[in-house]
Amino acid sequence: MSNTTGWLIFGLACGIVSLAVGLWLFFWVKKQDDGTDRSREVAGWIHAGAREYLKKLYTALVIVAVIMAVILAVVYTIDGSGRGIQTAICYLIGSVCSALAGYLGMEVAVQANVRSAVASGISLPKAFNIAFRGGAVMGFAVVGVATIGMCSVYLLTNNPQFVLAFSLGASSLALLAKAGGGIYTKTADIAADLVGKVEVGIPEDDPRNPAVVADNVGDNVGDVAGMGADIFDSYVASAVAAMLLGASMGKVHYIVLPLLLCALGIIASLIGVYLVKVGEGGKPGKSLNMGTFITCGAFAVFMAIVIFLIPEIDNRLIWAILVGTSVGVIIGQTTEFFTSDEFSPVKKTAEYSGSGAAITIISGFSYGLISIVPSIVGIVIAMVISFFVCGGQSNFDLSIYAVGISAVGMLSVSGMIVSADAYGPIVDNARGIAEMSGMDQEVIDRADVLDSAGNTAKAITKGFAVAAAALTVLALFAAFVSEVNMAVKPLGGSFSAADISILDPLILAGIFLGAMCPPLFSALTMLSVTKNAFKMIEEIRSQFRAEPGILKGTVLPNYNRCIALASSGALKSLILPAAIAIIMPLLVGGLLGPKGLTGFLAGAIITGVIFALFMSNAGGLWDNSKKYVETGMFGGKGSEAHKAAVIGDTVGDPFKDTAGPSLNTLITVMSLVASTFAPVIAKLHLF
């Protein structure tokens, strides 16, 4: 048995342990008290709505996955490579694994939300512990299923091309799950806020609001199932990019190293999650940050020791991995500065809300643009240091590999990162259930403390995910060039970095077309939210008009109508975004060839990263500005500042939960599609 086979078996074992820990935590959460008949009833509405939507979504995604698998099978059969069936099967396995990770996370979220709400009546530490452990189920499910899938595929095939197909399956499903969930959740959230808070003046999560259950369902299908699939996609894609670069170097140790790092990241995440604690009167946000620091520190130590003990691995890669991990943490902290109510951007925006919604929106928009700067600088630093620490142009292959492996380092701690992210929607739901169930104000206040930290945690995760996606797609960009070169070399052609010039009209045309796609994708997803929210607003108003007893609290509204509207609207809205992600790279590659597609990927990466950072941070800032006003600042609930802050939050909702977090998946899918079909495109345009 070779030592790389041992690494793969070790990775497989760590993946199994991760999944087992996730399942243990799932059953631990289920054992906790779920409260009264009323709290169980409210939680049951949310659970049923989330299951119904995921059932419809996954039914639609099965059709998409089968069609795509057939295309892959046909293309890689007629091209003479003879790997059509295997490629299609690996694509389907990736799709199933991504769906499984998302579903497991959603199932525990709808169990943990009510239990965290009930525990808020006992103490803040108990409520936090239940919510965070519920989030940890998602974290360990994502990294466990992903690592098991990647190690198994490579063990069985010994070919990173099949892991690429696995990654494409995970990414294409993740894009649709994240975009669909984002459209669903923000449709309901916007409609509930604009009619409930602004028009009729009832509190957030008031059971009299017909959209309130759909809003809470959306937290689970968007921020849990959708975000889980999203991180799953980034986690796998980063490993695949490095594996492909390792294959181009012809070194098996470099092919398998990313999977070994994923295994070490699982061990580090287990330590970090176990040590996350919060005391009575403590701050949940600080505890979550401390867990991230501990996880990254443990991973750095494990990684350095292991690489030092492997003579076949260049020790300089340690610095590239450390830089990637460190920059991920730093970007998370700068994201916190722009989105947490402990710092001036959120406080200033809340203060400006006293002058009206226009100033609120201008302020949040401007801070969102400024927030791009530290993250972009961090990404550039990680990229440049990783490249030059291994020799730069004098050792180009290893240096590009170092950039790819730095992204793996950043995402290896995803077990901890996803745990903190999934905690957010769980406590958001807990706060909603507490109010809808008529729990004491003290319980709601504790849930608000947890929820505020959850909003910041979600924003940090999104910044982390975008930064990792930027490094990942850069590595995939290099992998695409390598794939084209390997395809045409046996036929007498060549394609390398030396053939790429911005002065080439084909490349420049591709850059413009690629740069166009993320803004277009953002517009389409946000217009879908607008259109669907408009319909739901009319539904809420019609229920209030038809039955005055709803606002009096004597008659329950029809929650199912709003759930059905959000569900059908989200699914219908996925067609055009999916077409942009999958068809555009193939169309550009088919018409403009490898050079045009190279430019296309470069343009999409640049605008995709910028738009994703801006939208995620601006949306998180508006959200926490509203919550800051709701603590009693600048007039508190019901004041003019509050009304303006609610409108700012409403504008930010599709920014931070629909378009923004979907963009890093978009550029990843585009890059994977390009790499997957690179041999075919190269042969069509042999030069």
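For this structure, a couple of remarks:
- Scan segment 443-498 for residues that are of a type outside the set (Gly, Ala, Ser), more than 15 Å from Gly332 (Cβ to Cβ) and either in a helix (DSSP H, G or I) or modelled with pLDDT of 75 or more (or both) and the total you get is 23.
- From the options Ile318, Ile313, Ile307, residue that is part of a loop (DSSP other than H, G, I, E, B), farther than 24 Å from Leu19 by Cβ and touching a helix residue (DSSP H, G or I) at 6+ places or on another chain (Cβ under 8 Å): Ile313
- Residue check, Val221 surrounded by fewer than 24 Cβ atoms within 10 Å (Cβ to Cβ), among the hydrophobic types (A, V, I, L, M, F, W, C) and either in contact with a Gly (Cβ under 8 Å, 6 or more places away or on another chain) or closer than 19 Å to Val673 by Cβ (or both): no
- Every residue from segment 550-596 that is under 21 Å from Val669 (Cβ atoms) and without any contact (Cβ under 8 Å) to a residue 60 or more places away in the chain: Lys572, Ile575, Leu576, Ala579, Ile583, Leu587, Leu591
- Of the listed requirements (1) touching a Pro at 6+ places or on another chain (Cβ under 9 Å); (2) crowded, with 24+ Cβ neighbours inside 10 Å; (3) modelled with pLDDT of 90 or more, Val669 misses just one: (3).
- Considered as a group, the residues in segment 21-66 that are among the β-branched types (Val, Ile, Thr) and within 30 Å of Tyr91 (Cβ to Cβ) include one that is surrounded by the most Cβ atoms within 10 Å (Cβ to Cβ), and that residue is Val21.
- Among the residues making up segment 347-375, those that are more than 18 Å from Thr650 (Cβ to Cβ), of a type in the set (A, V, I, L, M) and surrounded by fewer than 18 Cβ atoms within 10 Å (Cβ to Cβ) are Leu369, Ile370, Val373.
- Residue in segment 67-98 that is modelled with the lowest pLDDT, counting only those that are surrounded by 19 or more Cβ atoms within 10 Å (Cβ to Cβ) and polar (S, T, N, Q): Ser98
- Conditions (1) more than 12 Å from Cys517 (Cβ to Cβ); (2) buried (at least 24 other Cβ atoms within 10 Å of the Cβ); (3) out of contact with any His (no Cβ under 8 Å at 6 or more places or on another chain); (4) not hydrophobic (A, V, I, L, M, F, W, C): number failed by Lys626: (3)
- Which numbered condition Ile85 fails, given (1) within 30 Å of Asp205 (Cβ to Cβ); (2) of a type in the set (Val, Ile, Thr); (3) over 25 Å from the mean Cα position of the chain (by Cα): (1)
- Among the residues making up segment 528-575, those that are closer than 30 Å to Ala515 by Cα, of a type in the set (A, V, I, L, M), out of contact with any Phe, Trp or Tyr (no Cβ under 7 Å at 6 or more places or on another chain) and surrounded by 15 or more Cβ atoms within 10 Å (Cβ to Cβ) are Val529, Ala533, Leu571, Leu574.
- Residue list for segment 581-626, restricted to those being of a type in the set (Ser, Thr, Tyr) and over 30 Å from Pro203 (Cβ atoms): Thr598, Thr607
- Residue check, Met243 buried (at least 24 other Cβ atoms within 10 Å of the Cβ) and closer than 30 Å to Ile183 by Cα: no
- Checklist (1) assigned to a helix (DSSP H, G or I); (2) under 28 Å from Ile16 (Cβ atoms); (3) not small (Gly, Ala, Ser) applied to Lys277, failing item: (1)
- The residues of segment 625-677 that are hydrophobic (A, V, I, L, M, F, W, C) and under 20 Å from Ser172 (Cβ atoms), listed by number, are Ala659, Leu663, Leu666, Ile667, Val669, Met670, Leu672, Val673, Ala674, Phe677.
- When each of Gly593, Gly619 is tested for being in a helix (DSSP H, G or I) and within 17 Å of the chain's Cα centre (by Cα), the lone residue that passes is Gly619.
Conditions (1) under 24 Å from Val217 (Cα atoms); (2) at pLDDT 85 or above; (3) part of a helix (DSSP H, G or I), marked per residue:
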position: Ile507; (1), (2), (3): no, yes, yes
position: Pro519; (1), (2), (3): no, yes, yes
position: Lys535; (1), (2), (3): yes, yes, yes
position: Ile540; (1), (2), (3): yes, yes, yes
position: Arg545; (1), (2), (3): no, yes, yes
position: Val555; (1), (2), (3): yes, yes, no
position: Leu565; (1), (2), (3): yes, yes, yes
position: Gly589; (1), (2), (3): no, yes, yes
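- Those residues of segment 315-325 which are touching a residue at least 40 places away in the same chain (Cβ under 8 Å) and surrounded by 19 or more Cβ atoms within 10 Å (Cβ to Cβ), in sequence order: Leu317, Ala320, Ile321, Leu322, Val323, Gly324, Thr325
- Filter result for Leu576 (at pLDDT below 85 and either in a helix (DSSP H, G or I) or under 28 Å from the mean Cα position of the chain (by Cα) (or both)): yes
- Test: residue in segment 180-193 that is buried (at least 24 other Cβ atoms within 10 Å of the Cβ), more than 16 Å from the chain's Cα centre (by Cα), polar (S, T, N, Q) and at negative phi: yes
- Pair list, Cβ < 7 Å and 6+ apart or interchain, from segment 636-664 residues that are in a loop (DSSP other than H, G, I, E, B) to residues that are surrounded by fewer than 24 Cβ atoms within 10 Å (Cβ to Cβ): Gly636/Glu630; Gly636/His642; Lys637/Glu630; Gly638/Gly201
- Tally of residues being closer than 27 Å to Pro577 by Cα and either of a type outside the set (Phe, Trp, Tyr) or free of Cβ contacts under 8 Å to residues at least 60 places away in the same chain (or both) across segment 151-206: 31
- There is at least one residue in segment 244-252 that is free of Cβ contacts under 8 Å to residues at least 60 places away in the same chain, over 19 Å from Val466 (Cβ atoms) and among the small types (Gly, Ala, Ser).
- Residues considered: Ser394, Ser406, Ser344. Of these, the only one that is hydroxyl-bearing (Ser, Thr, Tyr), over 22 Å from Gly660 (Cα atoms) and crowded, with 24+ Cβ neighbours inside 10 Å is Ser406.
- A search for C-beta distances below 8 Å between a residue of segment 285-311 that is over 14 Å from Ala263 (Cα atoms) and surrounded by fewer than 15 Cβ atoms within 10 Å (Cβ to Cβ) and any residue that is modelled with pLDDT of 90 or more and among the β-branched types (Val, Ile, Thr), counting only pairs 6+ apart in sequence or on different chains, returns Phe308/Ile318.
- From the list Ala214, Ala229, the lone residue that is buried (at least 24 other Cβ atoms within 10 Å of the Cβ), in a helix (DSSP H, G or I) and either out of contact with any Lys or Arg (no Cβ under 7 Å at 6 or more places or on another chain) or aromatic (Phe, Trp, Tyr) (or both) is Ala214.
- Subset of segment 217-260 [more than 21 Å from Ile148 (Cα to Cα) and of a type in the set (Gly, Ala, Ser)]: Gly218, Gly222, Ser248, Gly250
The values are calculated or read from the model by the stated rules, or taken from the named source; none is laboratory data. From a predicted model like this one, the values you see are computed outputs, not experimental measurements. Positions of Cβ are generated from backbone atoms using ideal geometry, with glycine treated the same way; all protein chains shown enter the neighbour counts.
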